[in-house]
Amino acid sequence: MSKRHVTTTIDGESREFLCEDEQTLLDVLRDVLMKTGTKEGCGTGDCGACSVMLDSRLVCSCLMLAAEAEGRVIETVEGMAEGDRLHPLQQHFLEEAALQCGVCTPGFLVAAQALLARNPDPSEREVRFWLAGNLCRCTGYDKIIRAVLAAAAEMRGADA
Amino acid sequence: MTQKTRDDQTLKWVGTRPIRPDGVEKVTGRARYGADFARPDMLWAKVLRSPHAHARIRSIDVREALALDGVKAIVTGDDLPEIASEQAFVGEEPTDYRMMSQNVLARGKVGYVGHAIAAVAATTSAVAEEALGLIEVDYEILPHVLDAVSAIAPDAPLVHDDLCDRKGEKKAPSNIANEVEMGHGDPEAAFASADFVIDRSFTTQAVHQGYIEPHACLAEAGPDGQVTIWCSSQGQFMIRGYTAKLLGLDLAQVRVVPAEIGGGFGGKTTVYLEPLAVALSQRSGRPVKMVMSREEVFRATGPASASRIRVKIGATRAGNFVAGEAWLDYEAGAFPGSSVAAGSMTIFAPYAFEHARSHGRDILVNKPKSAAYRAPGAPMAAFAVESVVDDLARQLEIDPIDLRLQNAAQEGVQSSFGPRYKRIGFVETLEAAQAHPHYDAPLKANQGRGVAAGMWFNAGLQSSAAVMVNADGSISVISGNPDIGGSRASLAMMAAEEFGIAYEKVGVRIGDTASVGYNDVTGGSRVTLATGKMVVEASRQVIAQLCERAAKVWDVDVERVQWADGKATVPDDDTIKPLGLAEIATGAGRTGGPIQASASGSVRGVGMSFAVHLCDVEVDPETGKVDVIRYTAFQDAGRAIHPSYVEGQIQGGAVQGIGWALNEAYVFDESGRLENPGFLDYRMPVASDLPMIDAVIIEVANPDHPYGVRGVGEAPIVPPIPAVANAVRAATGVRFSDLPLSPPRVLDALDPAS
């Protein structure tokens, strides 16, 4: 059985890879391209740790076959900062101590960025429901919600 | 030199909220967790697991699997050394190396669905998975037992044929693996003098720690016998010790490199994969990587014990607790070692009883071996005792916080588990809760407020840390404890405080097992407390050396030299220009060489933690769904080094407890197969389930710590279950004695006809 050749854009770079038919995008990101910033918590789309953007849509990379990435644009947590300049979400996660172990953090950051792209001024309730697909076991979510609201406020200010 | 004390008003860093040293790595995806390591020519390995709850293994045939193209090595129980019975230290879940070895790979018999039988290493994980299907296991299925009540029935199937109760005299084999008893006075006689006695029984189900990162490791055994393991765990020294013991290796042959850990909560204080990966690497001559699926995590790791607890408390009409007695049965799983001893110790710990006794039993069932989970054993005990205390307050018509204050443990009180309390902050914590606006806030229809308290010991154990002065005057600290929730920050802050330098000038690294002295696990809420104490001690030794070096440069008596604000000075002679850390460091080669120190010790003087939680719920009478609408958690932290991470521990613990109270439970079918081994059906709290969790830190300094620190991580999971249950009681008038308080159970109680 020969492997499939796939051409994509990942975090702004054009990338090519070979994959098996059954490999997920998450498998390829982590084990073929060695981009391990995107995490696997469940492999069944329940925890959100593997969240990435696919053509500006939030998806679980564990639920998508790598072969489906052909010609698509993928953004991961590893592309969020611009060089040394952290994205406001990343900065506020640090300032608000919104991570403890940090393994769910990449998924939360990507999902929160997707929220703010659609809704720059979400209520606490809207943030809570949008992030309900991301599990965190350490923080009780309190500081994560505060960090997202603070980042949203800063980003609105920056736009104005 | 200046000795900073907890009363020092000049603290610059302690109590502030700087960004954690490992923060940028963790928000950019660069931090490497257990599954993020790879080596050239690496193999992938998978585990074959038992489909039966209880069966004898007649034979295992791996020939066909071994013949599959790409399969490089297979190990079964026969390939691991026989281990003699010897007690291992696994926190509050005592176990035996022989049993640990049998749990890692079954010998002769499987004890639960998911029990590991064989492991296969192959060129890809897909090939390893395919090979599992080619292994033929001939089972003789045995009758199984799935709950503590059936397990202690006279005709129950024996989980272990030859295991006798370890308490005292030789007994016939049974499923009671251990019994504990503790207390003082004569409760039985004392109940007669009580005006009110409440006697109730409670049950809780097994729950999983629920860390988001599955267990993962990479092992490489060299031809010279040297072994390196990269893995995430709560202790690289624990992984080294257990793996070496189970494989018959010398400790010096094994180096464990700690990865970042994606949550543990007690569940990563033992080995599952590491001995298998090493054995497969030894056989294949190649590095071997193993990563559990979430289903494997649920079926074969954790959980916290299911429990049955009976509590009896007698009180006078005036509200004085006269006597307490408790009977606790905890399910150990298929191997001995539940947290029942810790549960028995904590159950009456918050209160001053003249007569108190608890009886605990560790019971074998055909379920996964239980593991430590945050304040092991205490949350279920608190559910029972705090529910009874709530009922007593209601019956006596006394405010529930007043009743607790009236009976609160404090300095000098004889604890129910033995020692007399030193300075503790339970009274202050209760008073803070009572004075908080939350306690008097109005409630609407179908809403109720619950209050509950809890205690945790915290652990000292063995710690080591190294502190080095770099040539540019920056400081490197090496800790031997994985940073599970911000301990790099608290260690750096204490070091910065000692040296009187900027926090940013301190780098903290987590050393591998060859880089720093031995450390017990990151557990028992002990890292900031105990390893922190070693960082302070090593820093003070380094400061003494810095003073000596400055004295040498100045040719003055070292007694005249003082260290303050990052500089050595001679206070009695202002013609001598102070020497800064960088100046002394740069010149170290001329004054005696590199400047560094390490400190090691068995840390004593842990300050016990007390927590009091207020919970408001709203119960939907149509569906039985319970929503937590307001939550405030109060806790004595001793001294909060980094208040944000102390709050984070309190908030996280509270939410784990809320999940345990409302939704989480292992559900087994009759054959002993877990029916909900995934996050969809094992329902942990998500963001939309919760309000903000207000954390209120009380600081009653621990007199035995240089900065007054008590541990903080575990106490916050102790009160939430009864806080929720007491709130539901207030909202509905129904006392729930069985967890979880899921919609069907609540609805059934509200409307028995439904």
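Observations
- Ranking B:Asn663, B:Ala585, B:Leu674 by Cα position along the charge dipole of segment B:579-695, where only Lys, Arg, Asp and Glu carry charges on their C-beta atoms, puts B:Ala585 farthest toward the positive end.
- Label point 7 Å beyond Cα of A:Glu154 along Cβ direction - residues of segment B:494-536 with amide nitrogen under 14 Å: none
- Applying the criteria of a DSSP loop state and at most 10 other Cβ atoms within 10 Å to the GluC sites (Glu not before Pro) of segment A:53-160 yields no site.
- A straight line joining the Cα centroids of segment B:472-516 and segment B:364-430 runs 35 Å.
- Here the peptides B:611-623, B:537-549, B:733-745 are ranked by packing, the mean other Cβ count within 10 Å, and the order with the highest first is B:611-623, B:537-549, B:733-745.
- Share of alpha-carbon pairs per 20 Å distance bin for chain B, given as whole %: 17, 46, 30, 6, 0
- Counted charge near B:Pro437, where neighbours are those whose Cβ lies closer than 15 Å (Asp, Glu -1; Lys, Arg +1): -2
- In the context of the full protein assembly, B:Asp565 retains an accessible surface of approximately 100 Å², using a probe radius of 1.4 Å and ignoring ligands and nucleic acids.
- Greater than 24 Å apart at Cα, pairs in B:Lys26/B:Lys245; A:Lys143/B:Lys26; A:Lys3/B:Lys72; B:Lys289/B:Lys367; B:Lys505/B:Lys567; B:Lys268/B:Lys369: B:Lys26/B:Lys245; B:Lys289/B:Lys367
- Among the residues of A:108-114, the average count of other protein chain beta-carbon atoms within 10 Å of the residue beta-carbon is 1.
- Among residues other than B:Gln102 with Cβ under 11 Å from its Cβ, the summed charge is +2 (Lys and Arg +1, Asp and Glu -1).
- Cross-link partners of B:Lys444 among lysines, defined as those whose alpha carbon lies under 19 angstrom from its own and excluding same-chain residues fewer than eight positions apart: B:Lys625.
- Straight-distance candidates among the aspartates and glutamates for linking to B:Lys12, with alpha-carbon spacing under 15 Å and chain neighbours fewer than 8 residues away dropped: B:Glu497, B:Glu498, B:Glu504, B:Asp565.
- Per the Kirkwood formula applied to alpha carbons, segment B:642-695 shows a radius of gyration over Rh ratio, Rg over Rh, of 1.13.
- Per-residue packing, averaged as other Cβ atoms within 10 Å, sorts the ranges B:695-703, B:453-461 into the order B:453-461, B:695-703, beginning with the highest.
- Seen from B:Asp402, the other residues with C-beta closer than 13 Å to its C-beta sum to a net charge of -2, counting Lys and Arg as +1 and Asp and Glu as -1.
- Note on B:261-267: average number of Cβ atoms from other chains within 10 Å of each residue's Cβ is 4.
- Degrees separating the helix A:105-118 axis from the principal Cα axis of chain A, which is the longest one: 70
- Within chain B, helix-based [θ] at 222 nm, where runs of 4 or more DSSP H residues each add -39,500 (n - 2.57), nearest 500: -7500 deg cm²/dmol
- When the P(r) of the protein assembly as shown is calculated, the portion above 46 Å amounts to 27% of the C-alpha pairs.
- For residues of A:124-131, the mean tally of beta carbons on other chains within 10 Å: 3
- The slack in the chain from B:Asp440 to B:Ala252, taken as 0.36 nm per residue of separation less the alpha-carbon distance, amounts to 61.7 nm.
- Low-density loop cleavage sites - GluC sites (Glu not before Pro) in segment B:39-126, where at most 15 other Cβ are within 10 Å (DSSP): B:Glu82, B:Glu86
- Backbone phi angles across segment B:202-208, fed through the Karplus curve with coefficients 6.51, -1.76 and 1.60 (θ = phi - 60°), yield HN-Hα couplings of 9, 10, 9, 9, 4, 10, 9 Hz in residue order; Gly and Pro are listed as x.
- Between the Cα long axis of helix A:142-159 and the first principal axis of chain A there is an angle of about 90°, rounded to the nearest 10.
- Centre separation in Å (Cα based) which lies between segment B:21-99 and segment A:100-141: 33
- The figure for B:Lys422 is an accessible area of roughly 120 square angstrom, using a 1.4 Å probe on the protein chains alone.
The values are calculated or read from the model by the stated rules, or taken from the named source; none is laboratory data. Remember, it's a predicted structure, so these values are computed and weren't measured experimentally. In this analysis, Cβ positions are derived from the backbone assuming ideal geometry, glycine residues included, and neighbour counts consider all displayed protein chains. What goes into the accessible areas is simple: the full protein's heavy atoms, side chains included, and nothing from ligands, DNA or RNA. Shrake-Rupley method; radii C 1.70, N 1.55, O 1.52, S 1.80 Å.
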